[in-house]
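Working notes for the structure below.
The values are calculated or read from the model by the stated rules, or taken from the named source; none is laboratory data. Please read all numbers here as calculations on a predicted model, not as lab measurements. Quick reminder, even Gly has a Cβ in these numbers, built from the backbone with ideal geometry, and neighbours come from all protein chains shown. Just the protein is used for accessible areas: all its heavy atoms, side chains included, with ligands, DNA and RNA removed. Shrake-Rupley method; radii C 1.70, N 1.55, O 1.52, S 1.80 Å.
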Amino acid sequence: MVWEALGSVLVGLVIALAATHWLPGRFPARVLTLATGPAAALLGAFLAHSILGPGHAVHTLLAAAALGAAMLSLLVRPRGRLVRGVAERSLSGV
């Protein structure tokens, strides 16, 4: 269990570093991203280990990677600046 936890934290950190490298301007803060990746991966490993039980290290790490990537995707900001007038015009019926 300890190796699964350490492995999942490492997987989450690698995913967070890759995300900040490939999309540098799309995350709110680098520190937040680097903290969210390992924390989410550790949660994913805990859930997978609770559901599958011991002896499924590969599946546990895959679940950790999946939840880590999913939680990091929630932090991504839109590419451009949102235009407020477009939403207001569509609501007014113009």
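Within 13 Å, Cβ to Cβ, of L72, how many net charges do the neighbouring residues add up to if Lys/Arg are +1 and Asp/Glu are -1?
Once positives and negatives cancel, what remains is +3.
On the principal axes of its Cα set, how long, how wide and how thick is the range 7-71? Give whole Å, largest value first.
Taking max minus min along each principal axis of the Cα atoms, the range 7-71 gives 39, 15, 15 Å.
May I ask you to evaluate 6.51 cos²θ - 1.76 cosθ + 1.60, the Karplus curve with θ = phi - 60°, for each residue of the range 52-58 and list the ³J(HN,Hα) values in order in whole Hz, giving x for glycine and proline?
Running phi through 6.51 cos²θ - 1.76 cosθ + 1.60 with θ = phi - 60° gives 7, x, x, x, 10, 5, 5 Hz.
Using the Karplus curve 6.51 cos²θ - 1.76 cosθ + 1.60 with θ = phi - 60°, what ³J(HN,Hα) values do you get for each residue of the range 24-33, in whole Hz, with x for Gly and Pro?
x, x, 9, 9, x, 8, 5, 5, 5, 5
What is the ratio of the Cα radius of gyration of the range 1-45 to 2.2 N^0.38 Å, where N is its residue count, to two decimals?
1.15
Would you mind working out the accessible area per residue for the range 1-87, using a 1.4 Å probe, and quoting it in Å²?
Heavy-atom SASA per residue in the range 1-87 reads 66 Å².
So how do 52-59, 5-12, 40-47 stack up, highest first, on mean other-Cβ count within 10 Å?
40-47, 5-12, 52-59
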